[in-house]
1. What are the residues whose amide H is under 5 Å from the amide H of Trp253, where those residues sit 5 or more places off or on another chain and H is modelled from the backbone?
2. So for each of 78-86, 10-18 I average, over its residues, the number of other beta carbons within 10 Å; can you give me the resulting order with the highest mean first?
3. Evaluate the Debye formula for the range 1-74 with equal point scatterers sitting on the alpha carbons, no solvent, and hand back log10 of I(q)/I(0) at q = 0.15, 0.23, 0.28 Å⁻¹, in q order, two decimals.
4. With label points built 7 Å along Cα→Cβ from the Cα atoms of Lys280 and Lys102, find their separation and express it in nm.
5. Stokes-Einstein diffusion coefficient for the range 141-289 at 37 °C in a medium of 0.692 mPa s, Rh from the Kirkwood formula over Cα pairs: what value in µm²/s?
6. How far is helix 152-163 tilted off the main Cα axis of the chain, in degrees rounded to 10, range 0 to 90?
7. What dipole magnitude, in Debye to the nearest 20, does the range 1-160 give about its Cα centre under +1 on Lys/Arg Cβ and -1 on Asp/Glu Cβ?
8. With unit charges on the beta carbons (Lys and Arg positive, Asp and Glu negative) and the dipole taken about the Cα centre of the range 1-145, which residue among Leu32, Thr98, Tyr43 sits farthest to the positive side?
Amino acid sequence: MIKKITANRILSKNQAAKLKTKFLNESHYTQLITEDCDAYDNYGNLLFRFRKNAIPIDVLKNGVNAFRGSIEVTESRGAASGSSHKRIRKDGSVSNITVGNKVESGSVGFMDSGAMVKYCRKTAFARNYFDKFKQGIPFVQFIDQKYKELCPEHYAKQKAIADGTNRNYIIGDTSFTTVTVNKNFRTACHQDAGDFSDGFGNLIVYREGSYDGGFFVMPEYGIAVDLHTTDLLFADVHKWHGNTEIINPSDDWLRISFVMYYRENMIKCSSPSGELQKAKIDKTGYLTL
Ligand SMILES: [Fe+2]
């Protein structure tokens, strides 16, 4: 039996926006979800679907082993890292590149044109460790199938745009272009950006050792979810969310989380040869795309 709850809004949008880059704690939720649950707001909009033991352990472990090599220290995670600021150059001047705090995170799959690289391409991980990337595809396909089952309306829209995207930028025949992999990374309050706006987000956690806390919190609705290994959460990640502190960690504690999504601008990617052409043009500096 799946518990169905309606969560009242406890913070206005303006109040919630003030939490951006702040770390969330037990003052930001009154309800902790630990079992299967569907949560809605007062208007009947889905906030999340949480399913315990939804992922076979061998599928998950295969995904962890395949994708964990993508994790590196990065300052590209913006508000989720607890800070979002302009990079200061060595000479003290302020650049227009926005960076965050240093965290351990990786990207698997494909990326679109951004501030730094102006063409669509494989992530460094998919390029340099293509066998590992391929090894993890059944994990992505499994989550895609669950997405279809549990959020069919959001899935249909996302799959339609994925199907209309150049095949070279889609993971396996799924609705996803990209997987974010985070290690022991407590996200500060943020809204996801850059993913397909009509889609629904997901979160998968793999744990080793032991710890408490690290809950996924939606502060506007005062609700938190305790995710364990093999659990699956589909959540409206366009609402504010973040993690509580990890407490009582064992010496060997490990928390690897996965978020699979479709990068919104990838519908604009042309074929790899077309994108290579853009890369060459970009390097000459004659044309800014
Ligand atoms: Fe997020």
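1. Ser210
2. Most protected by this proxy first, the peptides run 78-86, 10-18.
3. Scattering profile of the range 1-74, log10 relative to I(0): -0.84, -1.05, -1.23.
4. 3.9 nm
5. Rounded, D is 192 µm²/s.
6. With both axes taken from Cα atoms, the answer is about 10 degrees.
7. Working: 28 positive and 15 negative charges, 106 e Å.
Computed charge dipole of the range 1-160: roughly 500 debye.
8. Selected residue: Thr98.
The values are calculated or read from the model by the stated rules, or taken from the named source; none is laboratory data. Since the model is a prediction, treat every value here as computed from it, not as a measurement. Note that each Cβ is placed from the backbone with ideal geometry, even for glycine, and that neighbours are counted across all protein chains shown. Note: accessible area is taken over every heavy atom of the protein model, side chains too, but ligands, DNA and RNA are not part of it. Shrake-Rupley method; radii C 1.70, N 1.55, O 1.52, S 1.80 Å.
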